[in-house]
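Before any comments, here is the structure.
The values are calculated or read from the model by the stated rules, or taken from the named source; none is laboratory data. The structure presented is a predicted model; accordingly, all values stated were derived computationally and were not measured. Here the Cβ positions follow ideal geometry from the backbone for every residue, glycine too, while neighbour counts run over all protein chains shown. Heads up: the accessible areas ignore ligands, DNA and RNA and are worked out on the full protein's heavy atoms, side chains in. Shrake-Rupley method; radii C 1.70, N 1.55, O 1.52, S 1.80 Å.
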Amino acid sequence: MSDAARKIRVQCEVNGRALRFETYPMARLLDVLREQAGLTGTKEGCGEGECGACSVEIDGALVNSCLVPALQADGARIRTIEGIAGGEHLHAVQQAFLARGGAQCGICTPGMILAAVNLLARNPQPSESDIREGLAGNLCRCTGYTKIFESVVEACRSIQQQPGRRA
Amino acid sequence: MRAYVPAYELEAPRDLSAALDRMAREPGAWKPLAGGTDLMVLLEAGKLSHRRFLSIWKLPELRNIKVTPEHVTLGALTTYTEVRRHETLSREFPLLCRAAAETGGVATQNRGTLGGNIANASPAADSPPALLVYDAELELVSAGGSRWVPFHGFWSGYKQIDLRPSELIRCIRLARGKKGWKQYYRKVGTRRAQAISKVCFAAAARIDGGRIADVRIALGSVAPTVLRAVETEKILQGETPTSALLRAAQETLAREIAPIDDMRSTARYRRRIALNLLAEFCETLSA
Amino acid sequence: MEPHIIGTSVPRKEGREKVIGGARYVDDLSFPGMLHGVTIRSSMARGRIRSVQFEAGIPWTEITVVTAKDIPSKNCVALLIEDQPALADEMVNHPEEPIVLLAHADKYLLEEARRAVRVEIEPLPAVFTIADSLARMHVIWGEDNIFKSFHVEKGNVDEVWSRADFVVEGEYETGAQEQLYIEPQGMIAQANPTEGVTVWGSLQCPYYVHKALVRLFGLPKDRIRVVQTETGGGFGGKEEYPSMLAAHAALLAWKSGKPVKMIYDRAEDMTATTKRHPSHTQHRTAATRDGTFLAMDIDFTIDGGAYETLSPVVLSRGTIHAAGPYNCPNVRVRSRAVATNAPPHGAFRGFGAPQSVFALERHLDRVADVVGLAPEELRRRNFIHEGQTLAVHQVIREKVDMVHLMDRAFDLSGYHAKRKRFQEANPRSATKRGIGFAAFLHGAGFTGSGEEYLASEAALEVTREGRVRVFASSTEMGQGTNTVFTQIAAETLGLGCDQIEIVQPDTALVPNSGPTVASRTTMIVGKLVESASRAVQHSLFERGFLKPGYGANEFAVACRQYIDKFGKLQSLIKYEHPRDLHWDDQRYQGDAYGTYAWAVYVAEVSVDTRTAEVRVEDFVAVQEVGKVINPILAAGQIEGGVAQGIGFALYENVVWQEGRMVNGQMTNYIMPTSMDVPPIRVFFEELPYARGPAGAKGIGELPLDGTAPAIANAIAHATGADITRIPITPEVLLEILESAHV
């Protein structure tokens, strides 16, 4: 076993704040966020890019952070679940998940909310099949997805009704 | 996480020529890493045997999609998301867009690249069958120059491609002109999304006067490589689609493919479904 | 006063934290000086450990190493019995059996160290199937490979066969199923001989873990403390297994003197922990010309894996549910749980009933076919009614109208019209459509005298400010425990939900309310919470501090006054078994459960004959469940359970090779995505159960019983395929369809 790699310095923006950290270049962005930035909202469910519990946004694109090497986060604008709410105000998607039972055990919820927020940003009026497709990379074992769909639909409606609301 | 992460080197060359110089100086020592959707999975499973990687993810020379009257040329770093959003590709290369849409989910599509998919050389890859149908050509580039190769034949064996240790895939070129062809793509996976294919079938045919004037058929997950079914194409070439023709084509296809049993499916299932999809494709030709 | 909190969809108590990413699961916690721990496991199914070698190149002096020799008291994971070692010592009996534990602060280094431990095992012949286990090719457990067996007898089955108009036989199989909670198993432990042992982790049953650690360390009960952290799904998979993981983390902590965190990665979780018991059932049914049941002879076997763990209890539930919601005068059920050299199988939502109910409901459609009746007509003529007895001689003493539930389910799903329309259209289409159903019941709470034996307790304490704190060991894992307890306490006390606090399950703080399993949490423990709330209220009334019709402010004032005068305001309620419930453990008959939930589920499928892929197009779930305390939470339970049932029926296939699961990755073990589930339409009927809080029954496991057989019956309707085992993968279905055409 040899420590061939030297640690690198990575600079990025996470939830609007500049973040600097030192880590191995192939360390997972997921671990950097959880262990070095203390942002434990993003979860590990599978370590294979299948379950989506580790979903974050990099430069506006939804990605599985368990598959992103830390080096590639340099210069990136990252958003995690902790950056979804606007301070004390929950995002429409978060409010809908609360009102509609979109979260049960909650472990898939951060990733699911990221995926939903990302979907609505790209497609403000998704059809049912758009919603299913947009969330297909996020596995939930508790809900059977039904109330997650209902939550997204409600969030949609709520965002449409308040044009000033951030999506 | 089963890997000893400190043992893995990853460096980001500032541009393509710096990357190629590195790879030329020590051929085979450095391997490219693009979106990581294959390599990072191996890393986490403790199965990534190579230790030194060059991050090519940000190299601008490998991005962008160029459209000319004759061709659409996709940079190797074109992601599945970019394929799906491209207007010309959607209109003229629907099989490639279908393949991209059925690869993983949104998050995978944002990071997975066509070049990475080709270099990973999995026989279960979703896009290569479409690329074969579209007679794709690859530009392979090294510090010493570049060469164009047809994608058909690029694969020599299980996980073996004609890519030299100092080479990178720069772009994938597709000839326009199959616009009027009947096109068919079907991936049969373990579930509707986020699925590795059990059988993947891509095909296109030009019908002229009721006959199959020209045809391409390619399959994934039924052989050690993604396969262009040239013998089956020969059976169909120039003929009128009939049930007798279909039977003959199916017999040939059954011999051309070499499916196996694995933890996802069985050889028997794969063979039967490959023949059924051929039938489904042929049905669209007489419609 | 009409209930205004119970029966409404009060938002999830801990929901806000969950949607902002603030909920803290075990892997989100970190302790100063904490080490990580990993497990070295057997690569063989059965054998003798010859040596354990630590290869060069690793700084072994820095690493804490634990083997069986380091166990202070008894090397076992105490459960029903003590046959399962915490660490294998001389023998291994299943692949992935734990042998050595390592701890170090550097996670990466630990992985290298894990790879550098070589365990040499001399193989012994192993047993991998129910058939081989029963044949006793090798005796791998006890005298005869049998953990437990039951014999249920009603009437006289044997004298019926000769006079029956129809005798129909069938054989059915269900495969293993992985619980696949999205949060893998994890535990953090702190331990030393002076202070004792504390563990924090993802778990369903704090007191199960407590009991196991007491036995392992030989410490007094008050020096073992178990705390449940926010748990990301359990479904039974975290009922008994966490005791093993807690033992491991605690042993490493004990030896190293540092806190130790052990989090399984997905591959380890899938391959090493429990799964649903595979099953094999044989049915022999006698019926009269008009389809009335004369007899059911049922033989039911489950594969328990290498150690006993909970197999007797799984077998019990499966046995009792094997004959379904029918009135049959003569029933025999012979059942057994057998040992094989696989990692022990364990609790998974439904707990034996999904296995036996699959067999029954699939079999009855085939019986209907032979008798020449529509499947619903066969059920209609045999459904049990109030006053009649189940196979275990339990007299049904509640209102039950299965015919009504069935008709309602048919109405909502368009069953009759679709049944006809699909049959007409299918011959002309490559995609066949079908619609099928299953009728079933599920007993809530522990079987027989189980609840009496558990002697559960719950407590309430009120603060000077009038805040109510609920103490129970029942765990929240997404099913809504915290919210339902809040609603019950709030409703009973006439307060707002904000005034109720659910204390985190911590064995240092909460009494033993029994495990969070068996669909018992709302019905049994919720009732204790209701009673405890009433007791506190009664104390205030009795002493004159409060009068009926009080408001929240008056309550707060009264509490302050009471506490100032008497020091504490609290209540502790212990479970009292209803006097009119009698269960005979010897003859295995009597009142098996206090009450049942009753259901009819309808599944509509399409089958693409070109690929043999099945798609569930629509699903209707109708059930009578007593009072629904929180409609959104209750519907969420059914929807999630149906999705798991869809996986059980169609997708979730454990691929075994010599006792090892070889597809232990989420890529290769297939659970449904958002694109694989149909609209799941849930409907409740409510006939209040007098002994449940506000009339509630238990519902958590119910949906796992009826989903798979409804789908299997629908596929049979669509294709004529004689489905007899699940999962019905396309590979399996293709073979059935092809052999039917030959």
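Dividing the convex hull volume of the Cα atoms of region C:394-446 by its residue count, what figure in Å³ per residue is obtained? Write down the numbers at each step before the final one.
Working: hull volume 6.6 nm³, N = 53.
With only Cα atoms used, region C:394-446 gives 125 Å³ per residue.
Quickly work out the residue C:683-to-residue C:159 label distance, labels modelled 7 Å from Cα along the C-beta direction, and quote it in nm with one decimal.
4.3
Can you give me the Rg/Rh ratio for region B:150-190, using Cα atoms for both radii and the Kirkwood formula for Rh? Before the final figure, lay out each step's value.
Numbers: Rg = 14.8 Å, Rh = 13.8 Å.
Ratio of gyration radius to Kirkwood radius for region B:150-190: 1.08.
Which chymotrypsin sites (Phe, Trp or Tyr not before Pro) in region B:100-200 pass both tests, a DSSP loop state and at most 13 other beta-carbon atoms within 10 Å?
Numbers: sites: B:134, B:148, B:151, B:154, B:155, B:158, B:181, B:184, B:185; in loops: B:134, B:151, B:154, B:158, B:181.
When the chymotrypsin sites (Phe, Trp or Tyr not before Pro) of region B:100-200 are filtered for loop state and at most 13 Cβ neighbours within 10 Å, B:158 remain.
So what is the relative contact order for chain C, in percent, with contacts set as C-alpha pairs under 8 Å and at least six apart?
16
Report the GluC sites (Glu not before Pro) located in region C:136-213 that are in a DSSP loop and have at most 14 other Cβ atoms inside 10 Å of their Cβ, or state none.
On the way: sites: C:143, C:153, C:159, C:169, C:171, C:173, C:178, C:195; in loops: C:143, C:178, C:195.
Hits after loop and neighbour filter: C:143, C:195.
Determine the share of region C:528-587's accessible area contributed by carbon and sulfur atoms, expressed in whole percent, with a 1.4 angstrom probe. Working shown, then result.
Numbers: 1690 of 3830 Å².
Roughly 44 percent, rounded to a whole number.
Could you work out, residue by residue across C:637-647, how many beta carbons of other chains sit within 10 Å of that residue's beta carbon, and then give the average as an integer?
Values: counts 4, 2, 9, 10, 2, 2, 7, 3, 1, 1, 3.
Shielding by partners across C:637-647 averages 4.
Based solely on its DSSP helices, what 222 nm [θ] is calculated for the protein assembly as shown when runs of n ≥ 4 H residues each add -39,500 (n - 2.57) and the sum is averaged over all residues, nearest 500 deg cm²/dmol?
On the way: 33 runs with 353 residues, N = 1196.
Value at 222 nm, helices only: -9000 deg cm²/dmol.
Accessible surface of residue C:591 in the full protein assembly, 1.4 angstrom probe, to the nearest 10 Å²?
20
So who's got an amide H within less than 5 Å of the one on residue B:31, skipping anything under 5 residues away but keeping other chains? H placed 1.01 Å off N, in plane.
For residue B:31, whose amide H was placed from the backbone, the distant partners under 5 Å are B:52, B:53, B:54.
So what's the gap between the Cα centers of region A:11-75 and region C:534-592, to the nearest angstrom?
Cα centroid of region A:11-75 versus Cα centroid of region C:534-592: 50 Å apart.
Among bridges DSSP assigns within region A:3-83, what percent are antiparallel (round to 5)? List each step's numbers first, then the result.
Values: 14 of 16 bridges.
Taking every DSSP beta bridge within region A:3-83, about 90 percent pair in antiparallel fashion.
If you take the accessible area of C alone, add that of A alone, and subtract the area of the pair, what total do you get in Å², probe 1.4 Å, to the nearest 100? Show your work: numbers first, answer last.
Details: alone 28020 and 9220 Å², together 33190 Å².
Accessible area lost upon association: around 4000 Å².
Once a ≥ b ≥ c are taken as the square roots of the eigenvalues of the Cα gyration tensor of region A:3-83, is the result rounded (a/c under 1.5), prolate (a/b larger than b/c) or oblate (a/b not larger than b/c)? Mind showing how you got there, number by number?
Details: a/c = 1.68, a/b = 1.16, b/c = 1.44.
Oblate, because a/c is 1.5 or more while a/b does not exceed b/c.
Kindly report the accessible area of region B:90-235 per residue (heavy atoms of protein chains, probe 1.4 Å, no ligands, DNA or RNA), in Å².
Numbers: 4760 Å² over 146 residues.
For region B:90-235, the solvent-accessible area averages 33 Å² per residue.
Quick one: which residues, 5 or more positions from residue B:170 or on another chain, have an amide H under 5 Å from its amide H? H modelled 1.01 Å from N in the peptide plane, none for Pro or chain starts.
B:139, B:140, B:141
What translational diffusion coefficient, to the nearest whole µm²/s, does the protein assembly as shown have by Stokes-Einstein, given a Kirkwood radius computed over alpha-carbon pairs, a temperature of 20 °C and 1.002 mPa s viscosity? Intermediate results must be reported in sequence, preceding the final value.
On the way: Rh = 31.6 Å.
Answer from the Stokes-Einstein relation: 68 µm²/s.
Taking each pair of distinct Cα atoms in region C:77-233 once, what is the resulting Kirkwood hydrodynamic radius in Å?
Working: mean 1/r = 0.0481 Å⁻¹.
After inverting the pairwise mean of 1/r, the radius is 20.8 Å.
Residues of region B:192-209 losing 20 Å² or more of accessible surface, assembly versus chain alone, probe 1.4 Å, please list them.
Residues losing area: B:192, B:193, B:194, B:196, B:198.
What FRET efficiency comes out for residue B:158 versus residue B:91 if R0 is 45 angstrom and r is the Cβ-Cβ distance? Round to the nearest 0.05.
Working: r = 35 Å, r/R0 = 0.78.
Plugging the Cβ-Cβ distance into 1/(1 + (r/R0)^6) gives 0.80.
Past the 18 Å Cα-Cα mark, which pairs from C:221/C:574; C:69/C:255; C:238/C:627; B:179/B:234; A:147/C:697? Can you show the working numbers first?
On the way: C:221/C:574 20 Å; C:69/C:255 11 Å; C:238/C:627 28 Å; B:179/B:234 22 Å; A:147/C:697 23 Å.
Beyond 18 Å between Cα atoms: C:221/C:574; C:238/C:627; B:179/B:234; A:147/C:697.
Based on the alpha carbons, how large is the Rg to Rh ratio for region C:1-86 when Rh follows Kirkwood?
Working: Rg = 23.1 Å, Rh = 19.3 Å.
When Rh is taken as the Kirkwood radius, the ratio is 1.20.
For chain C, how big is Rg over Rh, using alpha carbon atoms and the Kirkwood form of Rh?
Values: Rg = 26.3 Å, Rh = 26.9 Å.
Dividing the radius of gyration by the Kirkwood radius yields 0.98.
Please sort by residue number the GluC sites (Glu not before Pro) in region A:67-138 whose DSSP state is loop and whose Cβ has at most 12 other Cβ atoms within 10 Å. Could you put the intermediate results ahead of the total?
On the way: sites: A:82, A:88, A:128, A:133; in loops: A:88.
Sites meeting the loop and neighbour criteria: A:88.
Would you work out which of C:665, C:694, C:634 lies farthest towards the positive end of the dipole of region C:603-705, given +1 charges on the beta-carbon of Lys and Arg and -1 on that of Asp and Glu, about the Cα centre?
C:694
Given chain B, report the % of alpha carbon pairs whose separation exceeds 26 Å.
Numbers: 18171 of 41041 pairs.
Counting every Cα pair in chain B, those more than 26 Å apart make up 44 percent.
Based on C-alpha coordinates, I'd like the Rg and Dmax of region C:654-722, in Å.
18.3, 50
For region C:285-419, what is the convex hull (Cα atoms) projected area averaged across all directions, in square nanometres? The partial results should precede the final answer.
Working: hull surface 37.8 nm².
Value for region C:285-419: 9.4 nm².
So for region C:117-175, Kirkwood radius off the Cα pairs, Stokes-Einstein at 20 °C and 1.002 mPa s: how many µm² s⁻¹?
Numbers: Rh = 16.1 Å.
Taking Rh from Cα pairs, D becomes 133 µm²/s.
Can you sort B:49, C:739, B:265 by 1.4 Å-probe accessible area, starting with the largest? Write down the numbers at each step before the final one.
Values: B:49 105, C:739 75, B:265 5 Å².
Most to least solvent-accessible, the answer reads B:49, C:739, B:265.
Rounded, prolate or oblate for region C:622-692? Axes are the square roots of the Cα gyration tensor eigenvalues, ordered a ≥ b ≥ c, and the cut-off for rounded is a/c under 1.5. Provide the component values of the computation, followed by the final result.
Details: a/c = 3.73, a/b = 2.28, b/c = 1.63.
Because a/c hits 1.5 or more and a/b exceeds b/c, region C:622-692 counts as prolate.
List the relative contact order of chain A as a percent without decimals, with contacts defined as Cα pairs under 8 Å and 6+ residues apart.
Details: 291 pairs, mean separation 37.0, N = 167.
Contact order relative to length: 22 percent.
Take C:273, B:68 and sort them by solvent-accessible surface of the protein heavy atoms, 1.4 Å probe, largest at the top.
Numbers: C:273 0, B:68 55 Å².
Largest to smallest exposure gives the sequence B:68, C:273.
With the solvent-accessible surface defined on protein heavy atoms using a 1.4 Å probe, which residues belonging to region C:657-685 display a reduction of at least 30 Å² in accessible area in the multichain context relative to the isolated chain?
Flagged in region C:657-685: C:666, C:667, C:668, C:670, C:671, C:673, C:674, C:675, C:676, C:677.
Using θ = phi - 60° and the Karplus relation 6.51 cos²θ - 1.76 cosθ + 1.60, list the HN-Hα couplings for region C:62-79 in order, rounded to whole Hz, with x at every Gly or Pro.
Working through the residues one at a time gives 7, 9, 7, 10, 10, 10, 4, 5, 8, 7, x, 10, 9, 6, 7, 9, 5, 9 Hz.
Which translational diffusion coefficient, to the nearest whole µm²/s, is obtained for region A:92-161 from the Stokes-Einstein equation, given a Kirkwood hydrodynamic radius over C-alpha pairs, 10 °C and 1.306 mPa s?
On the way: Rh = 11.6 Å.
Taking Rh from Cα pairs, D becomes 137 µm²/s.
Computed over the Cα atoms, what is the radius of gyration of region C:445-573 divided by 2.2 N^0.38 Å, N being its residue count? Mind dumping the intermediate values first?
Details: Rg = 14.6 Å, N = 129, 2.2 N^0.38 = 13.9 Å.
Against the empirical 2.2 N^0.38 Å value, I get 1.05 for region C:445-573.
Work out from phi, with θ = phi - 60° and the Karplus expression 6.51 cos²θ - 1.76 cosθ + 1.60, the ³J(HN,Hα) of each residue of region C:440-457, listed in order in whole Hz, and give x for Gly and Pro.
Working through the residues one at a time gives 7, 9, 9, x, 9, x, 6, 5, x, 8, x, 5, 5, 5, 5, 6, 5, 9 Hz.
Can you tell me, using C-alpha contacts under 8 Å and at least 6 residues apart, the relative contact order of region B:141-283 as a whole percent?
Values: 210 pairs, mean separation 24.7, N = 143.
Relative CO of region B:141-283 lands at 17 percent.
For region C:90-103, in order, what is each residue's ³J(HN,Hα) by Karplus, 6.51 cos²θ - 1.76 cosθ + 1.60 with θ = phi - 60°, in whole Hz (x at glycine and Pro)?
After applying 6.51 cos²θ - 1.76 cosθ + 1.60, I find 9, 10, 10, 10, 6, x, 6, 5, x, 10, 10, 10, 10, 9 Hz.
Roughly speaking, to the nearest percent, how much of chain B's 1.4 Å accessible area is carbon and sulfur? Kindly include the intermediate steps, with their values, before the conclusion.
Working: 5400 of 11070 Å².
That share works out to 49 percent.
Would you work out the Kirkwood radius for region B:96-199? I mean one over the mean of 1/r across all pairs of different Cα atoms, in Å.
Values: mean 1/r = 0.0679 Å⁻¹.
After inverting the pairwise mean of 1/r, the radius is 14.7 Å.
Place a +1 charge on the Cβ of each Lys and Arg in region B:85-141 and a -1 charge on the Cβ of each Asp and Glu, then give the dipole magnitude about the Cα centre in debye, rounded to the nearest 20.
Details: 4 positive and 7 negative charges, 52 e Å.
Computed about the Cα centre, the dipole is about 240 debye.
Toward the positive end of the charge dipole of region A:1-61, about the Cα centre and with charges on Cβ (Lys, Arg +1; Asp, Glu -1), which of A:41, A:24, A:61 goes farthest?
Of the options given, the answer is A:24.
Quick one: compute a quarter of the convex hull surface over the Cα atoms of chain A and quote it in nm².
Values: hull surface 40.2 nm².
Here the figure is 10.0 nm², rounded to one decimal.
What size of dipole, in debye to the nearest 20, comes out for region A:92-161 about its Cα centre when the only charges are +1 on Lys and Arg C-beta atoms and -1 on Asp and Glu C-beta atoms?
Values: 6 positive and 5 negative charges, 26 e Å.
Around 120 debye, computed over region A:92-161.
Restricting the count to DSSP beta bridges whose residues both fall in chain C, what percent are antiparallel, rounded to a multiple of 5? Write down the numbers at each step before the final one.
Numbers: 96 of 124 bridges.
Of all bridge pairs located within chain C, approximately 75 percent are antiparallel.
How many partner chain Cβ atoms sit within 10 Å of a residue's Cβ in peptide B:262-269, on average, as a whole number? Each step should come with its number before you reach the end.
Values: counts 4, 11, 8, 3, 6, 0, 4, 9.
That average works out to 6.
Taking the DSSP beta bridges in region C:606-742 as the whole, what percent of them are antiparallel, to the nearest 5? Walk me through the intermediate numbers first.
On the way: 6 of 12 bridges.
Among the beta bridges of region C:606-742, antiparallel pairing accounts for roughly 50 percent.
Given a 1.4 Å probe, how much area per residue of region C:555-672 is accessible, in Å²?
In whole numbers, region C:555-672 has 32 Å² accessible per residue.
Give me the dipole magnitude in Debye, nearest 20, for chain C about the Cα centre, with unit charges on the beta carbon: positive for Lys and Arg, negative for Asp and Glu. If you can, show how the numbers build up before the last one.
Numbers: 75 positive and 92 negative charges, 231 e Å.
Computed charge dipole of chain C: roughly 1100 debye.
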